[in-house]
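Colleague: For reference, the structure I am asking about is given below.
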Amino acid sequence: MPWLEETGVEVAVLRLDLIDPLISGNKWFKLQHHLHAAEAACAAGVISLGGAHSNHLHALAAAGKRFGFATVGLLRGEPQDTPTVRDLHAWGMQLHWLGYGGYRQRHQADFWQPWLARYPNFYPVPEGGGGLPGARGCMALREMAEAQLASIGWDDFDAWWLAVGTGTTLAGLVLAEAGRRLVYGAAAVPAGHGVEDNLRAIFELAGENDQGYRLLEASRGGFAKVDTALTTFVEQVEVGSEVPLEAIYTGKALMALRLYVVAGNVARGTRLLFVHTGGLQGRRATHLNIAHPGGTPGLPLESDHFHE
Ligand SMILES: Cc1ncc(COP(=O)(O)O)c(C=O)c1O
């Protein structure tokens, strides 16, 4: 990328989008401990929540189908037909549409009660596979990245850069680094969406203080809001580097990095590790549907439909 060559900053990409065709990106790591806990509890299945394009529900349904456990998805809003929802159906996930008001109840203490009465002994996984178990799963990313450094001729790197939704993945990296390398989180959600609260809760439960990260605003006017500069950037990255991004998380995160680097905030010679957190299945419903030409071009993106 010319903006990296000009500023003398090096970026390596940890391609979590490549680890599995379906349980892709950070989802593999965020789900791992939740699924182990469900298994240890001899749960009858796993129940979770998300939007009509949710990467999280998509990965959970794929895991249920592959490993043979029942899944239930509670969806935001009114019934919609999206490529993601079609996959959820096809993989046997039982779906319930909660409306928007109903979905907003998800943080209430008694939210799960009626669902667990309806699906006895199901294991509830919080939105996006979050919480401390989700973060613990992401701690493995540090070793995974370090083990591959030699293959690109690096002996070390200076800091991490990644997209933030709930903050779970970032929290895992901060816990794994324990203050060694700084973790930059480019927030795909605007301020006031609870990222700081989520992080505080995870660090408190883990008994760690929350040193070692910086949160940057990267939502570009709102969650899932997409502008032409962003889509053009994502297309340029794909053409220039063959790294496919989606606009909502990874595209905004890399664009925020470009702005940060070009503004002179990063010293020449710095080595950054950008985590590709996956989410490419979500592109099928957008005009960045480069890899899936059969999808719906130009579908308007509404924040409520995407956030998980
Ligand atoms: C593709 C993608 N990247 C990044 C994130 C953000 O991860 P986290 O919620 O752990 O901050 C998500 C989901 O929330 C996602 O689907």
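Colleague: Filter the GluC sites (Glu not before Pro) in the stretch 186-294 down to the DSSP loop ones having no more than 16 other Cβ atoms within 10 Å, then list what survives.
Modeller: Sites meeting the loop and neighbour criteria: 208, 242.
Colleague: Quick one: order 197, 110 by neighbouring beta-carbon count within 10 Å, fewest to most.
Modeller: Final ranking by Cβ density, sparse to dense: 110, 197.
Colleague: Separate question: Of all beta bridges DSSP finds with both residues in the chain, what is the antiparallel percent, to the nearest 5?
Modeller: The antiparallel fraction comes to roughly 5 percent.
Colleague: Let me ask another. Between residue 147 and residue 6, what length in nm is gained on full extension when 0.36 nm per residue of separation is reduced by their alpha carbon distance?
Modeller: Going from the current span to full extension adds 47.9 nm.
Colleague: I want to check the label-to-label distance for residue 263 and residue 44. Put each point 7 Å from Cα in the C-beta direction and report it in nm to one decimal.
Modeller: Label at residue 263, label at residue 44, 5.2 nm between them.
Colleague: Next question. Calculate, axis by axis, the spread of Cα positions in the stretch 31-78 along the three principal axes, and write the results as whole Å, longest axis first.
Modeller: Answer, in whole Å and largest first: 33, 16, 16 Å.
Colleague: For the stretch 1-93, state the average projected area of the convex hull of the C-alpha atoms over all orientations, rounded to one decimal in nm².
Modeller: Averaging across all directions leaves 8.1 nm² for the Cα convex hull.
Colleague: Would you mind ranking 241, 54, 151 so that the residue whose beta carbon has the fewest other beta carbons within 10 Å leads the list?
Modeller: Sorted ascending by nearby Cβ count, the order is 151, 241, 54.
Colleague: State, as an integer percentage, the relative contact order of the chain based on alpha-carbon contacts under 8 Å between residues 6 or more apart.
Modeller: Taking the mean separation of contacting Cα pairs over the length of the chain, I get 25 percent.
Colleague: Find the centroid of the Cα atoms in the stretch 54-111 and in the stretch 223-275, then give the distance between the two in whole Å.
Modeller: If we compute the Cα centre of each part, the gap is 29 Å.
Colleague: Sorted from largest down, what three extents in whole angstroms do the Cα atoms of the stretch 140-258 have along their principal axes?
Modeller: Here the spans come out as 43, 40, 17 Å, largest first.
Colleague: Could you tell me the extents of the chain's C-alpha atoms along the three principal axes, largest first, rounded to whole Å?
Modeller: Answer, in whole Å and largest first: 58, 46, 35 Å.
Colleague: Full extension from residue 238 to residue 113: what is 0.36 nm times the residue separation minus their Cα-Cα distance, to one decimal in nm?
Modeller: 40.5 nm
Colleague: About the Cα centre, and with charges only on the beta carbon of Lys, Arg (+1) and Asp, Glu (-1), how big is the dipole of the chain? Nearest 20 debye, please.
Modeller: Computed about the Cα centre, the dipole is about 500 debye.
Colleague: Can you give the angle from 0 to 90° between the axis of helix 252-262 and the longest principal axis of the chain, with both taken from C-alpha atoms, to the nearest 10?
Modeller: Approximately 20 degrees, to the nearest ten.
Colleague: For the chain, build the charge dipole from Cβ charges (+1 Lys, Arg; -1 Asp, Glu) around the Cα centre, then report which of 173, 147, 115 sits farthest towards its positive end.
Modeller: Toward the positive end, the furthest listed residue is 115.
Colleague: Using only Cα atoms, figure out Rg for the stretch 112-209 and give it as a multiple of 2.2 N^0.38 Å.
Modeller: Cα-based Rg divided by the globular estimate yields 1.28.
Colleague: In which sequence would 116, 132 go, from the one with the fewest C-beta neighbours within 10 Å to the one with the most?
Modeller: So the residues, fewest neighbours to most, are 116, 132.
Colleague: In the chain, with Lys and Arg counted as +1 and Asp and Glu as -1 at Cβ, which of these residues, 262, 184, 130, has the Cα nearest the positive end of the dipole, that is, farthest along it?
Modeller: Result: 130.
Taken together, the values in this text are just the output of simple stated rules run on the coordinates, not laboratory data. Computed from a prediction, not measured in an experiment: that's the story for all the values here. Cβ coordinates were reconstructed from backbone atoms using ideal geometry, including for glycine residues, and neighbour counts include every protein chain displayed.
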